[in-house]
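Engineer: My questions all concern the structure below.
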Amino acid sequence: MSGEVVRTEQLGCCYREGCVLEDISFTVNAGDYVGIVGPNGSGKSTLVQALLGLVAISSGSARLFGSRCDGFNQWGRVGYLPQSLHLLNPIFPATVAETVGLGLLSLKRFPRRITRQDREKVDATLDTLGIYDIRAKLIGELSGGQQQRVLLARAMVNDPELLILDEPTAALDPETRERFYRMIAEINRSRGVTVLLVTHDTGVIGQHATRMLYLDKRMLFFGSFDDFCHSPEMSALFGEHSQHLMCHRH
Amino acid sequence: MDILEILSYGFIQRALLAGVLIAVLCSVLGVFLVLRRLSLIGDGLAHVTFGSTAIALAFKIYSAASLLVSLPVVLLASLGILRLTEKARLSGDAAIGIVSAVGIAAGIILASVGGGYNVDLLSYLFGNILSITREEVLIAAGLFCVVMLLLGLFFNDLLAITFNEELARVSGVQTRLISSVLVMLTALSVVLAMKLVGIMLISSLLILPAVSALQLARSFKACIGLAALQGCCSVVAGIFVSFITNLPTSAMIVLINLLFFGCACSLRRLLTPGNSN
């Protein structure tokens, strides 16, 4: 797998209240694992939502697999895991298997039916992520960590080339969080899946991601974690002590 | 009077047939509406149905033919609610409230201009399934087939947008189209249900079977099945009980649905570990 997966050029997202993103230009190649970090309100989620065509772009351009994001329709190539806290309606009566099966709709045309082969695919994905035994449980009855794995399975079931994860670990305890990051790194390495992961855990994601993108409405850094740790601009931004702590957590 | 004797009446046979068809439609759609927090759309569209029925009656159009006036008006109103939420930055309940108030206002004005409230209009307000005609049964059967066919074709898309609209879009589901399909199917069912439980009580037929099923279902498909089963049972029991007790059928259907809901809540408490007391 090779080539450009994501390319933005002077991307901007501005609304009546002001600009959330300005002048964002970067390229992500196949197989990259990019950690998107930055403070609250820095535009991290808006950036991934703009890439997915979920929010309007007001200037510049964004492309996924060479197609403009606002008209993108190759959804079978993309897996998406949104911020989970507001996602799940606790009374929603879908089982884990039904929920994960919805991820296969991106590969189907009207009328989108879930076949026996699809159900086998769902079972195989649940097995890979170690949650096959809860396939018949209702999603609302699961713990935060289990729900996150189910939503990851939903994002993975269509064998995507690009996985976009928006603060996937926000509701998880530190131990589960670390396991989750290791799982994503394994998926990136073993399957060559390109990963964009939005997070606050700058130090932790740096141990796994091949590249870091630091946002604060504008792109302040894009490069390797090593370069991030030695960047004078980042040192000026965080202070040397904070940068040292972030870069030497492990 | 035994059950076989009751069943021998033509009006009971028509009421049971039409009632079961309409109950299945409303119950199944109700599951999607309740989970999408659009439970009261049935109420809003019912009020529009009241306005459209007043239009039909003003032009001396009665019985089955009045459905032909109501259907396009209520379909347009259902799309109007969706567009209001999208374009006017209104929440769903506010949009439903606006359309509902306009529908009832139009009905009141037309009824007033047409010489005041009469028996026909009141029968639409509170329903009278025992007076359902053969033509109305045929229309109900035809629309039942259309709605169930569309539900079958769009089932997974509807499930996807009900689970999460953002995720559905990223799965390639045309969320605007599917939302429109859902509210239009609801509009068709509301117009049909008008004769069954009446405009004032339609939302109970959409909401109560769905919320009862949500107490017990262990999968989405089971939830749909349980809701449909409750809808059918409540209509059949409601018709028999009202015939025997000589009480209004529509109110009896609602009360039996409420009884089922109470039973479902109790059963859930019994089945949930730690809540057995």
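The values are calculated or read from the model by the stated rules, or taken from the named source; none is laboratory data. Everything numeric in this text was worked out from a predicted model, so none of it was measured. We place every Cβ from the backbone using ideal geometry, glycine too, and count neighbours over all the protein chains shown. To get the accessible areas, we keep the full protein, side chains included, count just its heavy atoms, and leave off ligands, DNA and RNA. Shrake-Rupley method; radii C 1.70, N 1.55, O 1.52, S 1.80 Å.
Engineer: At a 4.7 angstrom Cβ threshold, list every cysteine in chain A that has nobody to pair with, or say none.
Structural biologist: Unpaired cysteines in chain A: A:13, A:69.
Engineer: How large, in percent, is the carbon and sulfur part of the accessible surface of chain A at a probe radius of 1.4 Å?
Structural biologist: On the way: 5130 of 11120 Å².
The value for chain A is 46 percent carbon and sulfur by accessible area.
Engineer: Can you figure out the FRET efficiency of residue B:3 with residue B:131, using R₀ = 35 Å and their beta-carbon distance, to the nearest 0.05?
Structural biologist: Values: r = 21 Å, r/R0 = 0.61.
Here the calculated transfer efficiency is 0.95.
Engineer: Per-residue Cβ counts within 10 Å, from other chains only, averaged over A:97-110: what number is that? The partial results should precede the final answer.
Structural biologist: Values: counts 1, 6, 5, 0, 3, 10, 4, 2, 9, 6, 2, 4, 1, 5.
Mean shielding count: 4.
Engineer: Ordered by packing density, taken as the mean number of other Cβ atoms within 10 Å over each peptide's residues, highest first, how do B:64-77, A:11-24 rank?
Structural biologist: Values: B:64-77: 19.6, A:11-24: 15.9.
So the peptides B:64-77, A:11-24, ranked by packing, come out B:64-77, A:11-24.
Engineer: Using only alpha carbon pairs under 8 Å that are at least six residues apart, calculate the relative contact order of chain A and give it in whole percent.
Structural biologist: Numbers: 462 pairs, mean separation 65.5, N = 250.
This gives 26 percent for chain A.
Engineer: Something else: Determine the gain in length on full extension of the stretch residue A:190-residue A:240; use 0.36 nm per residue of separation and subtract their C-alpha separation, reporting nm with one decimal.
Structural biologist: Details: separation 50, 0.36 × 50 = 18.00 nm, distance 3.54 nm.
Extending this stretch completely gives an extra 14.5 nm.
Engineer: Treating each Cα of the protein assembly as shown as an identical point scatterer and ignoring solvent, apply the Debye formula and state log10 I(q)/I(0) at q = 0.06, 0.07, 0.08, 0.09 Å⁻¹.
Structural biologist: -0.37, -0.49, -0.61, -0.74
Engineer: Separate question: Could I get the Rg over Rh figure for chain A? Both from C-alpha atoms, Rh via Kirkwood, rounded to two places.
Structural biologist: Values: Rg = 18.3 Å, Rh = 18.8 Å.
On the Cα set of chain A, Rg over Rh gives 0.97.
Engineer: How high is the FRET efficiency from residue B:180 to residue A:137, r the C-beta distance, R0 30 Å, rounded to 0.05? Numbers along the way, then the final one.
Structural biologist: Details: r = 33 Å, r/R0 = 1.10.
Step by step, r from the Cβ atoms, then E = 0.35.
Engineer: A follow-up question, please. Roughly how many Å² is the accessible area per residue of region B:51-166, as a whole number, for a 1.4 Å probe? Don't skip to the answer; put the middle values down first.
Structural biologist: Details: 5500 Å² over 116 residues.
Value for region B:51-166: 47 Å² per residue.
Engineer: In whole Å, largest first, what are the principal axis extents of the Cα atoms in chain B?
Structural biologist: For chain B, the Cα extents along the three principal axes come out at 52, 51, 33 Å.
Engineer: Per residue of B:156-169, what is the mean number of Cβ atoms on other protein chains within 10 angstrom of that residue's Cβ? Before the final figure, lay out the partial values.
Structural biologist: Working: counts 11, 6, 0, 8, 6, 0, 3, 10, 10, 1, 8, 11, 3, 5.
That works out to 6 on average.
Engineer: For region B:198-277, what D do you get in µm² per second when you plug the Kirkwood radius from alpha-carbon pairs into Stokes-Einstein at 37 °C and 0.692 mPa s? Present the calculation step by step, with values, prior to reporting the outcome.
Structural biologist: Values: Rh = 13.1 Å.
Diffusion coefficient, whole number: 250 µm²/s.
Engineer: At 30 Å minimum axial length over the Cα atoms and a Kyte-Doolittle cut of 1.0, report the qualifying DSSP H helices in chain B, or say none. Don't skip to the end; give the middle numbers.
Structural biologist: Details: long enough: B:10-35 (38 Å, 2.31); B:63-87 (36 Å, 1.40); B:92-113 (32 Å, 1.95); B:134-163 (39 Å, 1.77); B:175-197 (31 Å, 1.89); B:220-245 (37 Å, 1.77); B:249-271 (33 Å, 1.60).
Result, helices passing both filters: B:10-35, B:63-87, B:92-113, B:134-163, B:175-197, B:220-245, B:249-271.
Engineer: Related question: Lysines within cross-link reach of residue A:44: Cα-Cα under 24 Å, excluding same-chain residues under 8 positions apart?
Structural biologist: Here the lysines satisfying the reach criterion relative to residue A:44 are A:217.
Engineer: With axes computed from alpha carbons, what is the tilt in degrees of helix A:144-156 against the longest principal axis of chain A, rounded to the nearest 10 within 0 to 90?
Structural biologist: Taking Cα atoms only, the helix is inclined about 80 degrees.
Engineer: If you don't mind, another one. From other protein chains only, count the Cβ atoms within 10 Å of every residue's Cβ in A:88-95, then give the mean. Provide the component values of the computation, followed by the final result.
Structural biologist: Working: counts 2, 6, 0, 6, 7, 15, 9, 6.
Per-residue shielding by partner chains comes out at 6.
Engineer: Would you mind getting me the FRET efficiency between residue B:222 and residue A:216? Use the beta-carbon distance for r and R0 = 45 Å, nearest 0.05.
Structural biologist: Details: r = 48 Å, r/R0 = 1.07.
About 0.40, to the nearest 0.05.
Engineer: Given labels modelled 7 Å from the Cα in the Cβ direction, how far is it in nm from residue A:200 to residue B:258?
Structural biologist: Between residue A:200 and residue B:258, the label points sit 4.7 nm apart.
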